[in-house]
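Only one structure is covered here, and it is reproduced in the block below.
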Amino acid sequence: MSDRELYPIGDAARRSGLSVSAVRFYADAGLIEPTGLNEAGHRMYDIHAIARLELVRTLRELDTDLAEIRRLLDGGTTLHDLLTTHLGIVERQERTLRARRAVLRTLIKQGGTTAQADLMHKLVSMTDEEREQTIDDFWTEVGANIDVPDGFVDRLRAMRPVLPADPTAAQLEAWIELADLVSDPAFRDAVRAYLRETYAAPEARTLATEPFQEFMHGSGAALMEELLAAHRAGESPLSAQVQRAATRFMEAVTALSGAPLTAEVRDRMADGYRQIPDILRQLDEEDAAAGGSGYGGTHGRYLALVAAINGTTGQDHDPIPYVWIADAMQAVQPVQPVRVSPRGGSPAASGSSWARDR
């Protein structure tokens, strides 16, 4: 193509991807006038006019109206601003289509009715504040007058869904299911019954107290990660590094109850870790037999949907090597408290102070 060469309307249409009638229409509308006329009076276009025709075609495909295109061509706006505006429009359309797809998939999966379709459209169009209120209402009702330690329900309430501004279809589907579940009185009753039964025993109530919850989700998780990192690195449970990490972990656990780490406590803790795989298998079997009223169908289902909405489902988590940890614990040698005579000697050691192998 030469800058000076002129092309008949048919060539201009072909090169710009428009029909001949569309090129004529844009000329008659005063958007892209021909560069000139040939001797026969036919319209002719140079490469600059053809480039503008191609731009008009692209903008029309983005549903840009003629008035906006005219402002752009007349210099009333910039191409960057126009494209930015239309990018926002396309992204909103994409989110709308994604939400509709999630609703349709869920309806097909559930064999939904018209009423359900209306409900699902309402669920996906909720504001952030409305979603927050839905979850708060759920935990307020579940936690009302339930016999669990103070603060435990508030910690459960904190594990909540956060639907991103640009959710995937899977995240929208998970939100539809969760919002529908937490609004269902039967599901609320099932979660309440599960929590009440699970934390009825004295030992379980202790685990639900604030110090134990903070330990499990905070400092204890960090100490456990030390052990897991050593296991990933191929360390022996008897290595000095692992023994230090195991000692720190067990001392922190026993400190929660104000008790010292004795050989008896060490053995009991190690034995408990050896039994965890069998306990987990037994819980899975009981959950399956519960027909949806166990962990997997109540609080566990809530947490699974929250993870799907928050995009944390499928993250790689190392399986906990319970037996390896038990071996490490079993090898720890607790330091006995030192009794100091009144005449002097080393400072007295309190029952909860234990030397660490550094």
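General remarks:
- Computed over protein heavy atoms with a 1.4 Å probe, the accessible surface of the range 51-104 works out to 64 Å² per residue.
- Sites M159 and D278, calculated FRET efficiency, Cβ-Cβ separation with R0 22 Å, nearest 0.05: 0.20
- Qualifying chymotrypsin sites (Phe, Trp or Tyr not before Pro) in the range 138-194, where qualification requires a DSSP coil assignment and no more than 14 other C-beta atoms within 10 Å, are lacking entirely.
- Other residues with beta-carbon under 15 Å from the beta-carbon of V142 carry, at +1 per Lys or Arg and -1 per Asp or Glu, a net charge of -1.
- The charge dipole of the range 183-271, taken about its Cα centre with unit charges on the Cβ atoms of Lys, Arg (+1), Asp and Glu (-1) only, comes to about 40 debye.
- The range 221-241 and the range 254-289: distance between their alpha carbon centers, rounded to Å: 19
- For Y7, residues with placed amide H under 5 Å, excluding near neighbours: Y45, D46
- Farthest towards the positive end of the charge dipole of the range 175-288, among the residues P202, H217, F249, is the Cα of F249, using unit charges on the Cβ of Lys, Arg, Asp and Glu.
- Computed lengthening from A222 to T140, 0.36 nm per intervening residue step minus Cα-Cα distance: 26.5 nm
- C-alpha center-to-center spacing [the range 53-85, the range 166-180] in angstrom: 35
- Distant-in-sequence amide H partners of E235 (H built 1.01 Å from N, under 5 Å): none
The values are calculated or read from the model by the stated rules, or taken from the named source; none is laboratory data. A quick note: this is a predicted structure, and the numbers were derived from the prediction, not measured. Backbone-built Cβ (ideal geometry, glycine too); neighbour counts: all protein chains shown. Quick note on the areas: whole protein, heavy atoms, side chains included, nothing else; ligands and nucleic acids left out. Shrake-Rupley method; radii C 1.70, N 1.55, O 1.52, S 1.80 Å.
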